[in-house]
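Some notes on the structure that comes next.
Read the figures in this text as sums done on the coordinates, not as results from a lab. Computed from a predicted structure; not experimentally measured. Virtual Cβ from ideal backbone geometry, glycine too; neighbours counted across all protein chains shown.
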Amino acid sequence: MTLRVTAIDFIEQNFQHTHYEGMHFSDADFSNAQFQYATLKNITFEHINFSGASFDYAYFEQVQFKNCQFDDATFHEALLQDVQFHDVTYKELALHDATLRHVSFAQPAIKRLLPIIITVVIIMLIWQVLFQSL
């Protein structure tokens with residue numbers, strides 16, 4: 001059974017030394033929250049702002065981050081095991097001395113292909129202009 005938590009403001013909250021398991025958080029704001037030494041297992045975070053959050057020394061197991069923002073978040077000496085980051089954004093993401101086991105960072109295919117698509121369109125436009133001018 002999964003506990004669902006939606007649209008809650010957790011700005012600057014202290015979650016140090018806590019244990020959370022089997023939860024789904026969505027559309028929430030955890031900016032500047034403190035998760036030092038927390039244990040997070042079997043959790044999904046979706047559409048969450050973690051800007052400025054600290055996960056230092058935290059333990060993650062089977063955690064998914066989907067469409068989350070991590071500007072200036074820190075994971076110093078954290079242990080991340082079976083963690084997936086799907087379509088996340090960040091300016092600075094500090095993983096100093098963190099242990100990563102089976103961690104993936106994925107973007108939707110369209111975001112990966114967008115620069116290639118734009119380049120092909122520009123080349124086609126240039127090609128068309130060159131042949132029309134002849």
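May I ask you to evaluate 6.51 cos²θ - 1.76 cosθ + 1.60, the Karplus curve with θ = phi - 60°, for each residue of segment 67-72 and list the ³J(HN,Hα) values in order in whole Hz, giving x for glycine and proline?
Those phi angles translate into 6, 9, 10, 10, 4, 6 Hz.
Once phi is turned into ³J(HN,Hα) by the Karplus curve 6.51 cos²θ - 1.76 cosθ + 1.60 with θ = phi - 60°, what whole-Hz value does each residue of segment 4-10 show in order, with x for glycine and proline?
9, 10, 10, 6, 10, 9, 10
How big is the dipole moment of the chain about its Cα centre under a simple scheme where the beta carbon of each Lys and Arg is +1, that of each Asp and Glu is -1, and everything else is neutral? Debye, nearest 20, please. Kindly include the intermediate steps, with their values, before the conclusion.
Values: 7 positive and 15 negative charges, 122 e Å.
The dipole of the chain has a size of about 580 debye.
I need the peptides 49-58, 74-83, 9-18 ranked by packing, meaning the mean over residues of other C-beta atoms within 10 angstrom, with the highest value on top.
49-58, 74-83, 9-18
Express the relative contact order of the chain as a whole percentage, based on alpha carbon pairs under 8 Å and six or more residues apart in sequence. All intermediate terms of the calculation are to be shown ahead of the outcome.
Working: 354 pairs, mean separation 20.1, N = 134.
Normalised by residue count, the contact order of the chain is 15 percent.
Report the label-to-label distance for Arg101 and His76 in nanometres (one decimal), using points 7 Å from each Cα along the Cα→Cβ vector.
Going by the 7 Å Cα→Cβ label model, 2.4 nm.
Please build a GNM for the chain, connecting alpha carbons under 10 Å apart, and tell me which residue among Thr39, Thr89, Thr119 fluctuates the most.
Most flexible of the set in this elastic network: Thr119.
Residues in segment 63-82, backbone N under 15 Å from the label point at His47 (7 Å along the Cα-to-beta-carbon vector): list them, ranges by number please.
Label zone hits: 66-69.
Using every alpha carbon pair in the chain, what percent of pairs falls into each 5 Å bin from 0 up to the bin containing the largest distance?
Calculated over all Cα pairs of the chain, the distribution is 3, 10, 16, 23, 16, 8, 5, 4, 4, 4, 3, 2, 1, 0, 0 percent.
Need the full-extension length gain, Ser26 to Lys66, defined as separation in residues times 0.36 nm minus the C-alpha distance. One decimal, nm. Walk me through the numbers on the way to the answer.
Numbers: separation 40, 0.36 × 40 = 14.40 nm, distance 0.92 nm.
Result: 13.5 nm gained on full extension.
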